[in-house]
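The values are calculated or read from the model by the stated rules, or taken from the named source; none is laboratory data. The shown structure was predicted, so the numbers you read here are calculated from the model rather than taken from an experiment. Cβ placement follows ideal geometry from the backbone for every residue including glycine, while neighbour counts extend to all protein chains displayed.
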Amino acid sequence: MATIKRILVTGGAGFLGSHMCERLVADGHDVICLDNFFTSQKSNVVHLLGAPNFELIRHDITLPIFLEVDEVYHMACPAAPGHYQFNPIKTIKTSVVGSINMLGLAKRCGARILLASTSEVYGDPEVHPQTEDYRGNVNPIGPRACYDEGKRAAETLFMDYHRMNKVDIRIIRIFNTFGPRMHPYDGRVVSNFIRQALTGNDITLFGDGQQTRSFCYRDDLVEGVFRMMNCEDNFIGPVNIGNPGEFTIRELAELVIELTGAKVKLIHKPLPADDPTRRKPDISLAKAKLNWQPTITLREGLKSTIDWFKSIDLSHYRPPTP
Ligand code: NAD
Ligand code: UDP
(Lines give C-alpha, C1' and ligand atoms only; values in the text may rest on other atoms or scores of the structure.)
(Ligands and ions follow the chains in the order given, each with its own letter.)
Protein backbone atom coordinates (compact mmCIF):
# COMPACT_ATOMS: atom_id res chain seq x y z
CA MET A 1 0.00 0.00 0.00
CA ALA A 2 1.08 3.60 -0.63
CA THR A 3 2.23 5.81 2.28
CA ILE A 4 -0.42 6.51 4.87
CA LYS A 5 -1.17 10.24 4.96
CA ARG A 6 -2.94 12.44 7.49
CA ILE A 7 -5.70 14.04 5.46
CA LEU A 8 -8.09 16.82 6.39
CA VAL A 9 -11.39 17.09 4.51
CA THR A 10 -13.16 20.38 5.20
CA GLY A 11 -16.88 20.08 4.57
CA GLY A 12 -16.26 16.36 5.02
CA ALA A 13 -19.80 15.61 6.21
CA GLY A 14 -21.37 17.15 3.10
CA PHE A 15 -22.54 15.44 -0.06
CA LEU A 16 -19.19 15.33 -1.88
CA GLY A 17 -17.00 15.59 1.23
CA SER A 18 -18.51 12.46 2.80
CA HIS A 19 -17.80 10.43 -0.35
CA MET A 20 -14.25 11.80 -0.40
CA CYS A 21 -13.80 10.76 3.27
CA GLU A 22 -15.15 7.30 2.47
CA ARG A 23 -12.67 6.85 -0.36
CA LEU A 24 -9.69 8.05 1.73
CA VAL A 25 -10.63 5.93 4.76
CA ALA A 26 -10.94 2.88 2.47
CA ASP A 27 -7.46 3.64 1.12
CA GLY A 28 -6.13 3.43 4.70
CA HIS A 29 -5.31 7.09 5.30
CA ASP A 30 -5.85 8.88 8.61
CA VAL A 31 -8.80 11.10 7.81
CA ILE A 32 -10.02 14.12 9.76
CA CYS A 33 -13.47 15.24 8.69
CA LEU A 34 -14.16 18.82 9.70
CA ASP A 35 -17.64 20.30 9.37
CA ASN A 36 -20.01 22.76 11.03
CA PHE A 37 -23.04 20.80 9.75
CA PHE A 38 -24.58 23.90 8.20
CA THR A 39 -25.90 21.99 5.17
CA SER A 40 -25.23 18.42 6.21
CA GLN A 41 -25.91 15.94 8.95
CA LYS A 42 -23.95 13.36 10.87
CA SER A 43 -25.79 10.54 9.12
CA ASN A 44 -23.60 11.15 6.05
CA VAL A 45 -20.52 9.93 7.93
CA VAL A 46 -21.98 7.89 10.79
CA HIS A 47 -20.89 4.66 9.08
CA LEU A 48 -17.28 5.87 9.24
CA LEU A 49 -17.28 6.73 12.95
CA GLY A 50 -16.19 3.25 14.03
CA ALA A 51 -13.15 3.25 11.75
CA PRO A 52 -9.87 3.71 13.67
CA ASN A 53 -8.55 5.94 10.87
CA PHE A 54 -11.51 8.37 10.88
CA GLU A 55 -12.10 11.35 13.15
CA LEU A 56 -14.96 13.86 13.08
CA ILE A 57 -14.55 17.45 14.30
CA ARG A 58 -17.36 19.99 14.52
CA HIS A 59 -15.74 23.28 13.62
CA ASP A 60 -16.44 26.38 11.56
CA ILE A 61 -13.59 27.14 9.14
CA THR A 62 -14.12 30.89 9.45
CA LEU A 63 -12.26 30.37 12.74
CA PRO A 64 -8.65 29.15 12.79
CA ILE A 65 -7.84 25.59 13.80
CA PHE A 66 -4.49 23.92 14.53
CA LEU A 67 -4.08 20.42 13.13
CA GLU A 68 -1.10 18.52 11.75
CA VAL A 69 -1.84 17.10 8.31
CA ASP A 70 -0.17 16.17 5.01
CA GLU A 71 -3.07 17.01 2.70
CA VAL A 72 -6.22 19.12 2.76
CA TYR A 73 -9.27 18.62 0.57
CA HIS A 74 -10.87 22.03 1.06
CA MET A 75 -14.55 21.45 0.30
CA ALA A 76 -16.39 23.38 3.01
CA CYS A 77 -18.91 25.81 1.53
CA PRO A 78 -22.65 25.70 0.98
CA ALA A 79 -23.05 24.81 -2.69
CA ALA A 80 -26.76 24.90 -3.60
CA PRO A 81 -28.26 28.31 -4.47
CA GLY A 82 -30.91 27.98 -1.72
CA HIS A 83 -28.19 27.16 0.82
CA TYR A 84 -25.61 29.75 -0.15
CA GLN A 85 -28.20 32.53 -0.45
CA PHE A 86 -29.64 31.70 3.00
CA ASN A 87 -26.86 33.73 4.66
CA PRO A 88 -24.83 35.28 1.82
CA ILE A 89 -22.42 37.11 4.11
CA LYS A 90 -21.55 33.86 5.85
CA THR A 91 -21.10 32.20 2.44
CA ILE A 92 -18.51 34.67 1.24
CA LYS A 93 -16.80 34.60 4.65
CA THR A 94 -16.59 30.83 4.39
CA SER A 95 -14.90 31.07 1.00
CA VAL A 96 -12.57 33.95 1.83
CA VAL A 97 -11.79 33.77 5.57
CA GLY A 98 -12.17 29.97 5.56
CA SER A 99 -9.71 29.64 2.67
CA ILE A 100 -7.22 31.97 4.39
CA ASN A 101 -7.41 29.82 7.52
CA MET A 102 -6.94 26.59 5.59
CA LEU A 103 -4.13 28.02 3.44
CA GLY A 104 -2.41 29.20 6.63
CA LEU A 105 -2.73 25.70 8.05
CA ALA A 106 -1.35 24.16 4.83
CA LYS A 107 1.53 26.64 4.83
CA ARG A 108 2.45 25.86 8.46
CA CYS A 109 2.27 22.09 7.90
CA GLY A 110 3.78 22.04 4.41
CA ALA A 111 0.60 20.26 3.30
CA ARG A 112 -0.78 20.03 -0.21
CA ILE A 113 -4.19 21.71 -0.38
CA LEU A 114 -6.90 21.28 -3.01
CA LEU A 115 -9.68 23.82 -3.52
CA ALA A 116 -13.11 22.62 -4.57
CA SER A 117 -13.92 25.58 -6.80
CA THR A 118 -16.83 25.70 -9.18
CA SER A 119 -18.06 26.21 -12.73
CA GLU A 120 -19.88 29.21 -11.21
CA VAL A 121 -16.62 31.16 -11.62
CA TYR A 122 -17.65 31.31 -15.30
CA GLY A 123 -20.98 32.94 -14.35
CA ASP A 124 -23.42 33.12 -17.28
CA PRO A 125 -20.77 32.12 -19.84
CA GLU A 126 -20.31 33.70 -23.26
CA VAL A 127 -17.87 30.94 -24.19
CA HIS A 128 -19.30 27.49 -24.78
CA PRO A 129 -18.16 24.92 -23.73
CA GLN A 130 -16.20 26.51 -20.94
CA THR A 131 -12.41 26.15 -21.02
CA GLU A 132 -10.24 26.94 -18.01
CA ASP A 133 -8.75 30.03 -19.64
CA TYR A 134 -12.19 31.66 -19.98
CA ARG A 135 -12.39 34.41 -17.35
CA GLY A 136 -16.12 34.35 -16.88
CA ASN A 137 -19.15 36.59 -16.86
CA VAL A 138 -20.18 37.01 -13.23
CA ASN A 139 -22.50 39.68 -11.88
CA PRO A 140 -20.57 40.90 -8.81
CA ILE A 141 -23.65 42.49 -7.19
CA GLY A 142 -26.27 39.81 -7.84
CA PRO A 143 -27.73 37.19 -5.48
CA ARG A 144 -25.30 34.48 -6.68
CA ALA A 145 -22.23 36.69 -6.18
CA CYS A 146 -21.65 35.60 -2.56
CA TYR A 147 -20.86 32.15 -3.95
CA ASP A 148 -19.37 32.94 -7.37
CA GLU A 149 -17.19 35.83 -6.23
CA GLY A 150 -16.34 33.99 -3.00
CA LYS A 151 -14.94 31.10 -5.01
CA ARG A 152 -13.17 33.45 -7.42
CA ALA A 153 -11.53 35.15 -4.42
CA ALA A 154 -10.64 31.73 -3.00
CA GLU A 155 -8.90 30.85 -6.29
CA THR A 156 -7.01 34.16 -6.09
CA LEU A 157 -5.92 33.38 -2.53
CA PHE A 158 -4.78 29.91 -3.52
CA MET A 159 -2.68 31.29 -6.37
CA ASP A 160 -1.18 34.03 -4.18
CA TYR A 161 -0.24 31.63 -1.37
CA HIS A 162 1.32 29.46 -4.05
CA ARG A 163 3.30 32.28 -5.67
CA MET A 164 4.27 34.04 -2.46
CA ASN A 165 4.61 31.20 0.07
CA LYS A 166 5.19 28.22 -2.21
CA VAL A 167 2.13 26.45 -0.83
CA ASP A 168 1.50 23.25 -2.80
CA ILE A 169 -1.96 23.90 -4.23
CA ARG A 170 -4.47 22.28 -6.55
CA ILE A 171 -7.60 23.97 -7.96
CA ILE A 172 -10.51 22.08 -9.49
CA ARG A 173 -13.65 23.62 -10.94
CA ILE A 174 -16.53 21.28 -10.28
CA PHE A 175 -19.55 21.31 -12.61
CA ASN A 176 -23.04 20.25 -11.40
CA THR A 177 -22.62 16.96 -9.59
CA PHE A 178 -25.36 14.71 -8.23
CA GLY A 179 -25.82 11.41 -6.48
CA PRO A 180 -26.75 9.75 -3.20
CA ARG A 181 -26.42 11.99 -0.09
CA MET A 182 -27.42 15.17 -1.89
CA HIS A 183 -29.46 17.11 0.63
CA PRO A 184 -33.06 16.36 -0.45
CA TYR A 185 -34.17 19.92 0.36
CA ASP A 186 -31.14 21.76 -1.02
CA GLY A 187 -33.27 23.18 -3.87
CA ARG A 188 -30.87 21.92 -6.55
CA VAL A 189 -32.52 20.73 -9.69
CA VAL A 190 -31.75 17.02 -9.39
CA SER A 191 -32.83 16.76 -5.75
CA ASN A 192 -35.93 18.89 -6.36
CA PHE A 193 -37.09 16.88 -9.38
CA ILE A 194 -36.52 13.46 -7.79
CA ARG A 195 -38.15 14.45 -4.50
CA GLN A 196 -41.09 16.04 -6.31
CA ALA A 197 -41.56 12.97 -8.53
CA LEU A 198 -41.35 10.49 -5.66
CA THR A 199 -43.78 12.43 -3.48
CA GLY A 200 -46.27 12.92 -6.33
CA ASN A 201 -45.77 16.67 -6.60
CA ASP A 202 -45.58 18.54 -9.89
CA ILE A 203 -42.09 19.27 -11.18
CA THR A 204 -41.02 22.90 -11.03
CA LEU A 205 -39.34 24.12 -14.22
CA PHE A 206 -37.76 27.51 -13.67
CA GLY A 207 -38.19 29.67 -16.76
CA ASP A 208 -38.88 27.81 -20.01
CA GLY A 209 -36.62 24.90 -19.03
CA GLN A 210 -34.42 25.44 -22.09
CA GLN A 211 -31.37 26.43 -19.99
CA THR A 212 -28.74 23.68 -19.97
CA ARG A 213 -26.50 21.99 -17.42
CA SER A 214 -24.04 19.10 -17.56
CA PHE A 215 -24.47 16.58 -14.78
CA CYS A 216 -21.63 14.53 -13.36
CA TYR A 217 -22.25 11.49 -11.16
CA ARG A 218 -20.52 11.62 -7.77
CA ASP A 219 -18.28 8.53 -8.33
CA ASP A 220 -16.75 10.11 -11.42
CA LEU A 221 -16.28 13.35 -9.55
CA VAL A 222 -14.56 11.72 -6.57
CA GLU A 223 -12.17 9.92 -8.93
CA GLY A 224 -11.33 13.19 -10.71
CA VAL A 225 -10.71 15.04 -7.44
CA PHE A 226 -8.53 12.19 -6.19
CA ARG A 227 -6.46 12.15 -9.40
CA MET A 228 -5.93 15.89 -9.23
CA MET A 229 -4.72 15.73 -5.62
CA ASN A 230 -2.30 12.94 -6.52
CA CYS A 231 -1.09 14.28 -9.86
CA GLU A 232 2.70 14.60 -9.59
CA ASP A 233 3.23 16.65 -12.71
CA ASN A 234 3.50 20.10 -11.05
CA PHE A 235 0.02 20.57 -12.44
CA ILE A 236 -1.90 22.88 -10.12
CA GLY A 237 -4.89 23.69 -12.34
CA PRO A 238 -7.42 25.11 -12.41
CA VAL A 239 -8.97 22.12 -14.10
CA ASN A 240 -12.60 21.49 -15.01
CA ILE A 241 -14.09 18.33 -13.52
CA GLY A 242 -17.53 17.60 -14.91
CA ASN A 243 -19.48 15.58 -17.42
CA PRO A 244 -19.65 17.21 -20.87
CA GLY A 245 -23.05 15.65 -21.66
CA GLU A 246 -25.32 18.69 -21.93
CA PHE A 247 -29.07 18.55 -21.19
CA THR A 248 -31.84 21.09 -21.03
CA ILE A 249 -33.58 21.24 -17.67
CA ARG A 250 -36.77 20.11 -19.43
CA GLU A 251 -34.97 17.00 -20.72
CA LEU A 252 -33.80 16.29 -17.17
CA ALA A 253 -37.38 16.60 -15.89
CA GLU A 254 -38.67 14.23 -18.57
CA LEU A 255 -35.97 11.69 -17.72
CA VAL A 256 -36.79 11.82 -14.01
CA ILE A 257 -40.48 11.30 -14.80
CA GLU A 258 -39.64 8.32 -17.04
CA LEU A 259 -37.30 6.68 -14.49
CA THR A 260 -39.60 7.17 -11.50
CA GLY A 261 -42.78 6.38 -13.42
CA ALA A 262 -44.37 9.33 -11.61
CA LYS A 263 -47.74 10.68 -12.75
CA VAL A 264 -46.84 14.33 -12.34
CA LYS A 265 -46.94 17.42 -14.53
CA LEU A 266 -44.33 20.04 -15.36
CA ILE A 267 -45.20 23.47 -13.98
CA HIS A 268 -43.36 26.71 -14.69
CA LYS A 269 -41.92 29.05 -12.04
CA PRO A 270 -39.98 32.28 -12.61
CA LEU A 271 -36.33 31.95 -13.57
CA PRO A 272 -34.12 33.06 -10.65
CA ALA A 273 -31.94 36.17 -11.18
CA ASP A 274 -28.62 35.56 -12.95
CA ASP A 275 -29.45 31.91 -13.65
CA PRO A 276 -26.80 30.80 -16.21
CA THR A 277 -28.30 30.08 -19.64
CA ARG A 278 -26.01 27.19 -20.47
CA ARG A 279 -23.12 25.30 -18.99
CA LYS A 280 -20.88 22.54 -20.29
CA PRO A 281 -17.29 21.79 -19.37
CA ASP A 282 -14.48 21.42 -21.84
CA ILE A 283 -12.56 18.59 -20.16
CA SER A 284 -9.62 18.36 -22.57
CA LEU A 285 -7.23 19.45 -19.81
CA ALA A 286 -8.48 16.83 -17.33
CA LYS A 287 -8.17 14.16 -20.03
CA ALA A 288 -4.64 15.20 -20.93
CA LYS A 289 -3.25 15.83 -17.44
CA LEU A 290 -5.21 13.42 -15.27
CA ASN A 291 -6.24 10.81 -17.82
CA TRP A 292 -9.73 11.36 -16.42
CA GLN A 293 -13.14 11.44 -18.01
CA PRO A 294 -16.57 10.53 -16.70
CA THR A 295 -17.85 7.01 -17.23
CA ILE A 296 -21.38 7.15 -15.82
CA THR A 297 -24.27 8.44 -17.92
CA LEU A 298 -26.96 10.73 -16.59
CA ARG A 299 -29.51 7.91 -16.92
CA GLU A 300 -27.38 5.46 -14.90
CA GLY A 301 -26.53 8.04 -12.25
CA LEU A 302 -30.16 9.09 -11.91
CA LYS A 303 -31.26 5.48 -11.36
CA SER A 304 -28.86 5.10 -8.38
CA THR A 305 -29.83 8.50 -7.03
CA ILE A 306 -33.55 7.72 -7.29
CA ASP A 307 -32.98 4.42 -5.44
CA TRP A 308 -31.18 6.31 -2.67
CA PHE A 309 -33.99 8.90 -2.42
CA LYS A 310 -36.46 6.00 -2.08
CA SER A 311 -34.40 4.58 0.81
CA ILE A 312 -34.23 7.71 3.01
CA ASP A 313 -36.64 9.17 5.53
CA LEU A 314 -37.30 12.72 4.33
CA SER A 315 -38.39 13.85 7.80
CA HIS A 316 -34.80 13.29 8.97
CA TYR A 317 -33.61 16.27 6.91
CA ARG A 318 -34.04 19.86 7.99
CA PRO A 319 -33.44 23.14 6.19
CA PRO A 320 -30.18 24.94 7.07
CA THR A 321 -29.90 27.05 10.21
CA PRO A 322 -27.49 29.99 10.56
P1 NAD B 1 -22.65 20.38 0.66
O2 NAD B 1 -23.44 21.57 1.09
O3 NAD B 1 -23.30 19.04 0.76
O4 NAD B 1 -21.28 20.30 1.46
C5 NAD B 1 -20.63 21.41 2.00
C6 NAD B 1 -20.21 21.07 3.42
O7 NAD B 1 -19.50 22.18 3.98
C8 NAD B 1 -21.40 20.81 4.34
O9 NAD B 1 -21.19 19.64 5.08
C10 NAD B 1 -21.44 22.04 5.24
O11 NAD B 1 -22.00 21.78 6.51
C12 NAD B 1 -19.97 22.41 5.30
N13 NAD B 1 -19.73 23.82 5.61
C14 NAD B 1 -20.32 24.92 5.07
N15 NAD B 1 -19.83 26.03 5.64
C16 NAD B 1 -18.90 25.64 6.55
C17 NAD B 1 -18.07 26.34 7.46
N18 NAD B 1 -18.08 27.67 7.55
N19 NAD B 1 -17.25 25.61 8.28
C20 NAD B 1 -17.24 24.25 8.20
N21 NAD B 1 -18.02 23.55 7.37
C22 NAD B 1 -18.83 24.23 6.55
O23 NAD B 1 -22.17 20.68 -0.82
P24 NAD B 1 -21.38 19.77 -1.87
O25 NAD B 1 -22.21 19.67 -3.07
O26 NAD B 1 -20.90 18.53 -1.21
O27 NAD B 1 -20.15 20.72 -2.20
C28 NAD B 1 -18.86 20.49 -1.68
C29 NAD B 1 -17.89 21.48 -2.28
O30 NAD B 1 -17.85 21.31 -3.70
C31 NAD B 1 -18.26 22.93 -2.04
O32 NAD B 1 -17.10 23.68 -1.77
C33 NAD B 1 -18.88 23.38 -3.34
O34 NAD B 1 -18.71 24.75 -3.57
C35 NAD B 1 -18.11 22.53 -4.34
N36 NAD B 1 -18.93 22.32 -5.56
C37 NAD B 1 -19.95 21.43 -5.57
C38 NAD B 1 -20.70 21.27 -6.73
C39 NAD B 1 -21.84 20.29 -6.82
O40 NAD B 1 -22.48 20.23 -7.87
N41 NAD B 1 -22.13 19.49 -5.83
C42 NAD B 1 -20.41 22.05 -7.86
C43 NAD B 1 -19.37 22.96 -7.79
C44 NAD B 1 -18.61 23.08 -6.64
N1 UDP C 1 -34.11 24.56 -11.65
C2 UDP C 1 -35.41 24.30 -12.05
N3 UDP C 1 -36.26 23.81 -11.11
C4 UDP C 1 -35.91 23.57 -9.83
C5 UDP C 1 -34.58 23.84 -9.44
C6 UDP C 1 -33.70 24.35 -10.38
O7 UDP C 1 -35.78 24.49 -13.20
O8 UDP C 1 -36.75 23.11 -9.04
C9 UDP C 1 -33.16 25.07 -12.67
C10 UDP C 1 -32.38 26.31 -12.25
O11 UDP C 1 -33.10 27.48 -12.57
C12 UDP C 1 -31.13 26.17 -13.09
C13 UDP C 1 -30.93 24.66 -13.20
O14 UDP C 1 -32.18 24.07 -12.86
O15 UDP C 1 -31.34 26.67 -14.39
C16 UDP C 1 -29.86 24.13 -12.24
O17 UDP C 1 -30.15 24.61 -10.97
P18 UDP C 1 -29.33 24.18 -9.66
O19 UDP C 1 -29.83 25.02 -8.54
O20 UDP C 1 -29.36 22.71 -9.50
O21 UDP C 1 -27.82 24.52 -10.01
P22 UDP C 1 -27.05 25.79 -10.64
O23 UDP C 1 -28.02 26.81 -11.14
O24 UDP C 1 -26.21 26.29 -9.54
O25 UDP C 1 -26.30 25.18 -11.76
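Details
- Selected residue (criterion: farthest from MET229 (Cα to Cα)) from residues of the stretch 1-45 that are out of contact with any Asp or Glu (no Cβ under 6 Å at 6 or more places or on another chain) and of a type in the set (Val, Ile, Thr): THR39
- Qualifying residue in the stretch 305-312 (condition: modelled with pLDDT under 95, away from ligand 2 (no atom under 13 Å from the Cβ) and either in a loop (DSSP other than H, G, I, E, B) or within 19 Å of the chain's Cα centre (by Cα) (or both)): yes
- Looking across the stretch 225-243, the residues that are assigned to a loop (DSSP other than H, G, I, E, B), crowded, with 17+ Cβ neighbours inside 10 Å and not hydrophobic (A, V, I, L, M, F, W, C) come down to GLY237, PRO238, GLY242, ASN243.
- Selection within the stretch 138-192 - of a type in the set (Ser, Thr, Tyr) and over 18 Å from HIS83 (Cα atoms): THR156, TYR161
- Residue match in the stretch 137-145 (condition: surrounded by fewer than 22 Cβ atoms within 10 Å (Cβ to Cβ) and in a strand (DSSP E or B)): yes
- Contacts under 7 angstrom Cβ, first residue in the stretch 306-322 being assigned by the TED database to the domain that holds ASN192 and closer than 15 Å to PHE178 by Cα, partner modelled with pLDDT of 85 or more and surrounded by 15 or more Cβ atoms within 10 Å (Cβ to Cβ), 6 or more apart: ILE306/ILE194; ILE306/LEU259; ILE306/THR260; TRP308/PRO180; PHE309/PRO184; PHE309/ILE194; PHE309/ARG195; PHE309/LEU198
- Long-range neighbours under 6 Å by Cβ, at least six apart or interchain, first residue within 16 Å of ligand 2 (Cβ to nearest atom) within the stretch 165-187, second hydrophobic (A, V, I, L, M, F, W, C) and assigned to a loop (DSSP other than H, G, I, E, B): ASN176/PHE215; PHE178/PHE215; ASP186/ALA80; GLY187/ALA80
- Residue count, the stretch 1-30 (criterion: surrounded by 24 or more Cβ atoms within 10 Å (Cβ to Cβ) and within 16 Å of ligand 2 (Cβ to nearest atom)): 2
- When GLU22 is tested against the conditions (1) among the acidic types (Asp, Glu); (2) within 12 Å of ligand 1 (Cβ to nearest atom); (3) assigned to a helix (DSSP H, G or I), the lone failure is (2).
- Test: residue in the stretch 202-224 that is more than 16 Å from the chain's Cα centre (by Cα) and in a helix (DSSP H, G or I): no
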